[in-house]
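The values are calculated or read from the model by the stated rules, or taken from the named source; none is laboratory data. Predicted model only: the values in this text are computed from it and were never measured. Here the Cβ positions follow ideal geometry from the backbone for every residue, glycine too, while neighbour counts run over all protein chains shown.
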Amino acid sequence: MTASRQPVVRVLLVEDEESFIDALSVGLGREGFEVTVARDGIDGAARFAAGEFDIVLLDLMLPKMSGLDVCREIRTTSDVPIIIVSAKGEEVDMVLLLEIGADDYVTKPYRLRELVARMRAVLRRREHANDVDDDETTIQRGPVRLEIDARRCYVGPDEVKLRKKEFALLRLLMENPGRVLTREVLIDRVWGHDYVGDTKTLDVHIKRLRGLIEAEPKKPRYITTVRGVGYRFEISRDED
């Protein structure tokens, strides 16, 4: 009896440094990835539009078209995971990267093992996100369960009472497990784009949510802070 083969993960590598192209093509190939290379931004955008890819590795500093612009263009048609690659010492605006749709970033030089781990983590998170669609009435992440139609929240067997904004905020975080959501995105999605208050309102809601769903609210396991950026709903593989 032969073991079933895992599906090949198709990677679009948009990179202009030959040393990284050669090393990644070989290294990722050994890890079971199928790599397509584009050496400038315009070629990268064109290859993405013409092909089917599971994940994109995108350098920021590219000839002809910047990595930021390539990311923006991809996001107009696709939610494929995108990992931004930046050279050490480049000034990277993490908030901007997240707002234009990047899922993660790594800094050159990097170890292949670290990059592969990031790639697999992003792919897992996207699978989790795809588990939830508008037709589903329940979201389960670890011990936390939301019943959308009934607007109920449970932690294990126990129901916790959430206010309207708290429920909407927790739902948004749980629909994007492992992904950092900026304060601006959270406020816009939960309070509306015309909200004129400050971010303290969001922080108060996060504090209350932690008090309701975390065993140790001062050491949160699920709703974590990414300093200077926003919040993320964490979940480990053994809680899938």
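What to note about this one:
This table checks each residue for (1) surrounded by 15 or more Cβ atoms within 10 Å (Cβ to Cβ); (2) closer than 19 Å to L68 by Cβ; (3) at pLDDT 90 or above.
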{"residue": "P7", "(1), (2), (3)": "no, no, no"}
{"residue": "L12", "(1), (2), (3)": "yes, yes, yes"}
{"residue": "R30", "(1), (2), (3)": "no, no, yes"}
{"residue": "A38", "(1), (2), (3)": "yes, yes, yes"}
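- K207, sole failed condition from (1) within 21 Å of the chain's Cα centre (by Cα); (2) more than 27 Å from V122 (Cβ to Cβ): (1)
- Check on V80, at pLDDT below 90 and under 19 Å from A38 (Cβ atoms): yes
- Residue count, region 94-121 (criterion: surrounded by fewer than 11 Cβ atoms within 10 Å (Cβ to Cβ) and either at pLDDT below 85 or in contact with a helix residue (DSSP H, G or I) (Cβ under 8 Å, 6 or more places away or on another chain) (or both)): 1
- Just so you know, in region 133-184 the residues that are surrounded by fewer than 18 Cβ atoms within 10 Å (Cβ to Cβ) and touching a residue at least 60 places away in the same chain (Cβ under 8 Å) include one that is nearest to T199 (Cα to Cα), and it is E184.
- Cβ separations smaller than 9 Å between residues 6+ apart or across chains give the following pairs from region 16-40 residues that are on the phi < 0 side of the Ramachandran plot to residues that are polar (S, T, N, Q): V35/S25; V37/S25.
- Set L186, L173: member being in contact with a strand residue (DSSP E or B) (Cβ under 8 Å, 6 or more places away or on another chain), in a helix (DSSP H, G or I) and either at pLDDT 90 or above or within 21 Å of Y154 (Cβ to Cβ) (or both): L173
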